[in-house]
Protein chains: 2
Amino acid sequence: MGSTGPVMEVIIAKSAGFCYGVRRALDTVMETARTEGKRMYTLGPLIHNPQVVERLAEDGVRVVKDLDEVPSGGVVVMPSHGVPKSVMDRAQERGLEIVDVTCPFVAKVQNLAAELHEQSYQVLILGDAGHTEVRGIMSRAGDDALVVSDADDLELCKLGRKVAVVAQTTQTLEAYTTTVQTVAGRTYEVRGFNTICHATSERQTAAVEMAQDVDVVIVVGGRNSANTRRLAELCSMTGVPTHHIETADEIDESWFEGAKKIGLTAGASTPDWIIEEAARRIS
Amino acid sequence: MGSTGPVMEVIIAKSAGFCYGVRRALDTVMETARTEGKRMYTLGPLIHNPQVVERLAEDGVRVVKDLDEVPSGGVVVMPSHGVPKSVMDRAQERGLEIVDVTCPFVAKVQNLAAELHEQSYQVLILGDAGHTEVRGIMSRAGDDALVVSDADDLELCKLGRKVAVVAQTTQTLEAYTTTVQTVAGRTYEVRGFNTICHATSERQTAAVEMAQDVDVVIVVGGRNSANTRRLAELCSMTGVPTHHIETADEIDESWFEGAKKIGLTAGASTPDWIIEEAARRIS
């Protein structure tokens, strides 16, 4: 009575949360769903955040795994990380109404890959072969295109005389420059394009800087979001206890015992309302 | 009497001596001088070997420093390492007869630099800024072209958004790939061309391999020949005593005391007769 507990401060990292491409995708889809009142189908989750996908379902936006699940006359949404060219072609053949919210930075890599292939370059994509973004780029890069997750992967690759390197937008600069270097040592001509999105590196740098100044870090975002998982990984590498949560409900009071400063950051697909709720809950 | 001294073996490295470009230059000039009997003038030494230049003088081939020293009606020889574009233009304006023995590999780099400049790339030349070959490439690469001797030099350079890297034909692969990597980290697009001449790297590899198997190394070639000096440097780095000579006259018996195997190699501008004379003298 009369005594107050220690004051705990919550610091939100700069550049936490939505990137341009995700915000644009969500705004477009919500706007279309509400004003036109049409049934919409996204090919896979629109963005990698289950809570956002749930909200969209309330507005009549359903997730489908395959184009065949979209009924004739339906509206199909191509998600922010893009789709393979064959999917886009098939949607057009079926005469479906298409809402394409592919992130402009991703679309740029897709177009670049197609152009380079046309100019007779063997296209090398630095990225995660299983990621939707990479599959979309790959589908436009020609039959001799390759995906590597890092420069070491190149050892087993057969390279042509003219090789062009592009990167998944969420790669690190170091992985990109090392890949270009390795290719340079093995071909006559290498052409490298730094297609890494600034938002990702800025978010990562800001999170690591913040982590060094706090006692506990909370990273908010979908468990299916690769960039959120990477963010948590980078923060925990600073040695500060780090917890990856999807929603405020997962917060455990015991994490904050003795802590004075709590740092909060969030992946590119985490909406502001989830970040704000987490901040409120901690306080 | 009756006893024989220890047998000394002389090993000549693979790929020692003349490279394709040098041999071609010399053959062309000697052929022209002898058959046409014309007074010929080379802009600087035809190749970086004083003994060869002396022999050419006997055939009426003189070395001049400047185009103005060539009399009207004279034949001017553009040497194997190439000349700046302005020199070529001026020779044509003066109506001089031109014998262009620029090495085809060097000419390829010159043309590439010009093409890349036309395609709006900033051209970055990895090489020795003072070397005639580099000055010739530079003169075709546009006003914003740069020369760096290694990747560290790049720190002070202002780079554009599209940068193309070419290498002096005698550079090492490592210096080239590191330069491309560094540029990749600082521009949107990097384009790298491995313009390094195979002859150089093959000669260097063969010399180092040989050095590891002998007691003394003799490197024969002009003291003004950069690639010969580099060859001597590489051999002495193996820890084996290494001597750089221009002619057999410089050989000192004391170098071979206790030695059983003597290794011999020579720069790209060293003629066979000088190598053979050195081998004879050692034996």
Margin query: So, in the range A:190-215, how many residues would count as being over 24 Å from A:GLU233 (Cα atoms) and without any contact (Cβ under 8 Å) to a residue 40 or more places away in the chain?
Written below: 2
Item checked: the range A:143-172: number of residues that are within 14 Å of chain B (Cβ to nearest Cβ) and either within 16 Å of B:THR177 (Cα to Cα) or over 26 Å from the mean Cα position of the chain (by Cα) (or both) -> 9
Check: Can you tell me which residue in the range A:127-137 is nearest to A:THR170 (Cα to Cα), limited to those that are hydrophobic (A, V, I, L, M, F, W, C) and in contact with a Gly (Cβ under 9 Å, 6 or more places away or on another chain)?
Finding: A:VAL134
Notebook entry, point to check: What are the residues in the range A:174-221 that are among the hydroxyl-bearing types (Ser, Thr, Tyr) and modelled with pLDDT of 95 or more, if any?
Noted result: A:TYR176, A:THR177, A:THR178, A:THR179, A:THR182, A:THR187, A:TYR188, A:THR195
Notebook entry, point to check: Does B:GLU97 qualify as being more than 26 Å from B:ASN227 (Cβ to Cβ) and modelled with pLDDT under 95?
Noted result: yes
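If you take the residues in the range B:41-74 that are among the aliphatic types (A, V, I, L, M) and part of a loop (DSSP other than H, G, I, E, B), which one is nearest to the chain's Cα centre (by Cα)? First the steps, then the outcome.
Quick first cut of the range B:41-74, residues among the aliphatic types (A, V, I, L, M) only: B:43, B:46-47, B:52-53, B:56-57, B:61, B:63-64, B:67, B:70.
Narrowing further to those that are part of a loop (DSSP other than H, G, I, E, B): B:46-47, B:70.
On the way: B:LEU46: 11, B:ILE47: 8, B:VAL70: 25 Å.
Here the answer is B:ILE47.
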Checklist line | Residues (under 20 Å from A:GLY222 (Cβ atoms) and surrounded by 17 or more Cβ atoms within 10 Å (Cβ to Cβ)) located in the range A:256-276 | finding: A:GLY263, A:LEU264, A:THR265, A:ALA266, A:GLY267, A:ALA268, A:SER269, A:THR270, A:PRO271, A:ILE274, A:ILE275
Next item on the list: Evaluate the following for A:SER225: is it polar (S, T, N, Q), away from chain B (no Cβ under 14 Å) and in contact with a strand residue (DSSP E or B) (Cβ under 9 Å, 6 or more places away or on another chain)?
Entry: no
Next item on the list: Determine whether B:ALA211 is within 12 Å of another protein chain (Cβ to nearest Cβ) and small (Gly, Ala, Ser).
Entry: no
Checklist line | Among (1) more than 22 Å from the chain's Cα centre (by Cα); (2) more than 14 Å from chain A (Cβ to nearest Cβ); (3) crowded, with 20+ Cβ neighbours inside 10 Å, the one test that B:ILE251 misses | finding: (3)
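The values are calculated or read from the model by the stated rules, or taken from the named source; none is laboratory data. Keep in mind that what you see is a predicted model, and the values were worked out from it rather than measured. Counting neighbours? That spans all protein chains shown, and the Cβs are built from the backbone with ideal geometry, glycine included.
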